[in-house]
């Protein structure tokens, strides 16, 4: 029977990982978990651990749906997912620990570590949230490696994996998938040996130089990249060729929402990449290669200077009052830079 990750949990929630081994849908569930604001609920480094069931109980007391909606609508889905995990035999006793969330003028980074009932470890990296710096970091990937969050991702991985952690998976959704790959590339040798799989769930790739590097080639066989059929985010920059394309109940850029991905028992329902996404992949690559790194940097800096000049640090702060100021700021961007930005937006939104 087909459905989404909630349907998967209804069908398989009563099976332990010894009864039904870890699969790609389990990966997506754990990747989505790191979006939740667990500060004060999931212990940070050297502060112990908490089960999914206990974490859900504390979370529900602290965050009502109304309060979560004020932070970001996307958190409502992750919150409901946590509830369903806490009700399932499969996940309720999983251990959550080493929660980190950092947002400043240089980075947006979040991560937590999960130990499952079969003693395997999943390191989950948060994707882009609503912070302006989070989105700026995404575009910094077009000219810089490593960005601040990528550096933190490898430091986190080195710190969270211990001597007796033998079966390690690393993953994330959106930018979190990119951070998972970067962490696996740059972690120390002993930690890298413990990694059995790296999951990039519709996250950006790397610059060509990094894809061709020895560090990347060492982890490439472990990378499992999953994208929706009308993929945009996952087609940004270079990536593995053998990615899996899955069906979604949404259309266009909204397919990036992993809760729309279609599951069939213990696997995603596969399909083909749309012509639109193939065109986006080709033209985004052409755009990146047509500009010098310093031009890409200038382009991104000009774009986000508009938000900084208007003291907007989070997309939720945009309202009717400052919206006109933002539009005016865009108009003040140098024409050459503005034309480059418009070209990118056209590729993403209208490529056929």
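Within the group 303, 324, which residue is assigned to a helix (DSSP H, G or I), more than 18 Å from residue 138 (Cα to Cα), outside the structural domain of residue 105 (by TED's automatic domain parsing) and modelled with pLDDT of 70 or more?
324
Mind listing just one residue for me: the one in segment 271-295 that is within 30 Å of residue 8 (Cα to Cα) and outside any helix (DSSP H, G or I) and, of those, modelled with the lowest pLDDT?
So, considering only residues that are within 30 Å of residue 8 (Cα to Cα) and outside any helix (DSSP H, G or I), the one modelled with the lowest pLDDT is 274.
Mind checking whether some residue in segment 76-91 is outside any helix (DSSP H, G or I), under 13 Å from residue 33 (Cα atoms) and either modelled with pLDDT under 95 or in the same structural domain as residue 12 (by TED's automatic domain parsing) (or both)? First the steps, then the outcome.
Of the residues in segment 76-91, the ones outside any helix (DSSP H, G or I) are 88-91.
Within this subset, residues satisfying the condition of being under 13 Å from residue 33 (Cα atoms) are 91.
Next, only the ones that are either modelled with pLDDT under 95 or in the same structural domain as residue 12 (by TED's automatic domain parsing) (or both) stay: 91.
Yes, that holds for at least one residue.
For segment 161-178, what are the residues that are out of contact with any helix residue (DSSP H, G or I) (no Cβ under 7 Å at 6 or more places or on another chain) and part of a helix (DSSP H, G or I)?
177, 178
Just to be sure, is residue 184 in contact (Cβ under 8 Å) with a residue 12 or more places away in the chain, buried (at least 24 other Cβ atoms within 10 Å of the Cβ) and farther than 26 Å from residue 253 by Cβ? Break it down stepwise before answering.
Values: in contact (Cβ under 8 Å) with a residue 12 or more places away in the chain: yes; buried (at least 24 other Cβ atoms within 10 Å of the Cβ): yes; farther than 26 Å from residue 253 by Cβ: yes.
Yes.
Do the conditions hold for residue 55, that is, is it at pLDDT 95 or above, farther than 20 Å from residue 266 by Cα and surrounded by 18 or more Cβ atoms within 10 Å (Cβ to Cβ)?
yes
Quick one: in segment 257-270, of everything that is surrounded by fewer than 22 Cβ atoms within 10 Å (Cβ to Cβ) and not in a strand (DSSP E or B), which residue is modelled with the lowest pLDDT?
Looking at the filtered set, the residue picked out is 265.
Per-residue answers, yes or no, for (1) surrounded by 22 or more Cβ atoms within 10 Å (Cβ to Cβ); (2) in the same structural domain as residue 269 (by TED's automatic domain parsing); (3) farther than 21 Å from residue 262 by Cβ; (4) in contact with a helix residue (DSSP H, G or I) (Cβ under 8 Å, 6 or more places away or on another chain):
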{"residue": "19", "(1), (2), (3), (4)": "no, yes, yes, no"}
{"residue": "29", "(1), (2), (3), (4)": "yes, yes, no, yes"}
{"residue": "32", "(1), (2), (3), (4)": "yes, yes, no, yes"}
{"residue": "35", "(1), (2), (3), (4)": "yes, yes, no, yes"}
{"residue": "40", "(1), (2), (3), (4)": "no, yes, yes, yes"}
{"residue": "43", "(1), (2), (3), (4)": "no, yes, yes, no"}
{"residue": "48", "(1), (2), (3), (4)": "no, yes, yes, no"}
{"residue": "51", "(1), (2), (3), (4)": "no, yes, yes, no"}
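Of all residues in segment 236-248, how many are buried (at least 16 other Cβ atoms within 10 Å of the Cβ) and outside any loop (DSSP other than H, G, I, E, B)?
Residues flagged as buried (at least 16 other Cβ atoms within 10 Å of the Cβ) and outside any loop (DSSP other than H, G, I, E, B) within segment 236-248 amount to 4.
For every residue, the table says whether it meets (1) at pLDDT below 90; (2) assigned to a helix (DSSP H, G or I); (3) assigned by TED's automatic domain parsing to the domain that holds residue 32.
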{"position": "159", "(1), (2), (3)": "no, yes, yes"}
{"position": "180", "(1), (2), (3)": "no, yes, yes"}
{"position": "234", "(1), (2), (3)": "yes, yes, yes"}
{"position": "250", "(1), (2), (3)": "yes, no, yes"}
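In segment 9-31, which residues are at pLDDT 95 or above and either under 18 Å from the mean Cα position of the chain (by Cα) or closer than 15 Å to residue 269 by Cβ (or both)?
Across segment 9-31, the qualifying residues are 23, 24, 25, 26, 27, 28, 29, 30, 31.
Would you point out which residue out of 224, 209 is touching a residue at least 60 places away in the same chain (Cβ under 8 Å), surrounded by fewer than 21 Cβ atoms within 10 Å (Cβ to Cβ) and in a strand (DSSP E or B)? Can you show your working first?
Working: 209 fails: in a strand (DSSP E or B).
None of the other options fit; the residue is 224.
The values are calculated or read from the model by the stated rules, or taken from the named source; none is laboratory data. Fair warning: this is a prediction, and the values are worked out from it, not measured in the lab. Because the Cβ atoms are built from the backbone with ideal geometry, glycine has one as well, and the counts that use them run over all protein chains shown.
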